[in-house]
Amino acid sequence: MGKIALVVVDMLNPYDHQDAEPLAENVAGIVEPLADLMRRAHEHDDVELVYVNDNYGDFSVTRDDLAGRALSGRRPDLVEPVLPPKEAPFLQKVRHSAFYGTSLEYLLHREEVETLVLAGQVTEQCVLYSALDAYVRHFSIRIPRDCVAGIHAGLADAALRMMERNMGAKIVAGERCLEV
C-alpha cells in the first residue's frame, strides 16, 4: 500500500489582504486540529508531511522569509502553531493549486504516495484547485473538514461537496484522516 502525504496549503499568511478578516476568523477554528494533525503526521514513518505556500509574487523569498512575514503579520497566533518543521519539504507556489509550477507531483511519486490529505486555506480556492489537480493525477484524496478554512461558508461547503462528489474525496475528521 502506498504512503499518505499531508499537504498543508498556505498557512504562512500575514492576513493583510482583501478578505483577510473573515478568513482569519475561520482559520482560528482550525489551528488546533491542524497543529495536532501535523504533529501526528510528523510522528508517522509512513506519512509524508509537505508544506506548500504561496510566495506572494516574491520569487526571491525563502521559507524563513515567508514564516517571518506571517509571524510579523496581523495574526501570528494563527501561524505559530502550524509552522512547518525544518525537516519537512517546503514548496513555494505561484497560483492557487499546490501542483501548479511546483515539484509536488515529482516529490509525491518519488515517495510513493498514493493518498493526499489536503489541509489549510482557502477551502473554496487553493484547497479545491489542489484537490482537482490531485484527482487528475490519480491520487486518492482526503479532506479533514476541521483542518480547512474558507472565506465564505456557502462556497466552502459547496467546494467540499464538489471534492467529494466529483473527485471522490473522502471528507473526514482530522483525527481520522491518517487511518489506512
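The values are calculated or read from the model by the stated rules, or taken from the named source; none is laboratory data. This one's a predicted model, so the numbers in the text were calculated from it and none came from an experiment. Neighbour counts run over all protein chains shown; Cβ positions are idealised from the backbone, glycine included. Remember, those area values only see protein heavy atoms, side chains included, never the ligands or the DNA or RNA. Shrake-Rupley method; radii C 1.70, N 1.55, O 1.52, S 1.80 Å.
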**OP:** Filter segment 95-123 down to the residues that are in a loop (DSSP other than H, G, I, E, B) and within 12 Å of the chain's Cα centre (by Cα), then identify the one that is surrounded by the most Cβ atoms within 10 Å (Cβ to Cβ).
**Re:** ALA98
Original post:
Which of (1) free of Cβ contacts under 8 Å to residues at least 24 places away in the same chain; (2) over 23 Å from ALA131 (Cβ atoms); (3) part of a loop (DSSP other than H, G, I, E, B) does PRO85 not meet, given it meets every other one?
Top reply: (1)
Original post:
Residues of segment 124-144 being open to solvent by 60 Å² or more (accessible area, probe 1.4 Å) and in contact with a strand residue (DSSP E or B) (Cβ under 6 Å, 6 or more places away or on another chain), which ones?
Top reply: SER140
**OP:** Could you tell me whether ARG63 is under 18 Å from the mean Cα position of the chain (by Cα) and among the charged types (D, E, K, R)?
**Re:** yes
Original post:
Among (1) part of a helix (DSSP H, G or I); (2) within 16 Å of the chain's Cα centre (by Cα), where does GLN92 come up short?
Top reply: (1)
Original post:
Given the residues ALA28, ALA5, ALA35, which is the only one that is of a type outside the set (Val, Ile, Thr), open to solvent by 50 Å² or more (accessible area, probe 1.4 Å) and touching a residue at least 24 places away in the same chain (Cβ under 8 Å)?
Top reply: ALA28
Original post:
What residue, of VAL50, VAL61, is out of contact with any Ser or Thr (no Cβ under 6 Å at 6 or more places or on another chain), closer than 19 Å to SER130 by Cα and surrounded by 13 or more Cβ atoms within 10 Å (Cβ to Cβ)?
Top reply: VAL50
Original post:
Which of the residues spanning segment 145-168 are touching a Lys or Arg at 6+ places or on another chain (Cβ under 8 Å) and either acidic (Asp, Glu) or buried (at least 23 other Cβ atoms within 10 Å of the Cβ) (or both)?
Top reply: GLU164
Original post:
Of the residues in segment 64-85, how many are buried (at least 22 other Cβ atoms within 10 Å of the Cβ) and among the small types (Gly, Ala, Ser)?
Top reply: 1
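Okay, residues lined up against (1) hydrophobic (A, V, I, L, M, F, W, C); (2) part of a strand (DSSP E or B); (3) without any contact (Cβ under 8 Å) to a residue 40 or more places away in the chain; (4) more than 19 Å from ASN26 (Cβ to Cβ):
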site: HIS138; (1), (2), (3), (4): no, no, yes, yes
site: GLY154; (1), (2), (3), (4): no, no, yes, no
site: MET163; (1), (2), (3), (4): yes, no, yes, no
site: ASN166; (1), (2), (3), (4): no, no, yes, yes
site: ILE171; (1), (2), (3), (4): yes, yes, yes, no
site: LEU178; (1), (2), (3), (4): yes, no, no, yes
Original post:
Can you tell me how many residues in segment 13-25 are in contact with a helix residue (DSSP H, G or I) (Cβ under 7 Å, 6 or more places away or on another chain) and either open to solvent by 10 Å² or more (accessible area, probe 1.4 Å) or under 20 Å from ILE143 (Cβ atoms) (or both)?
Top reply: 2
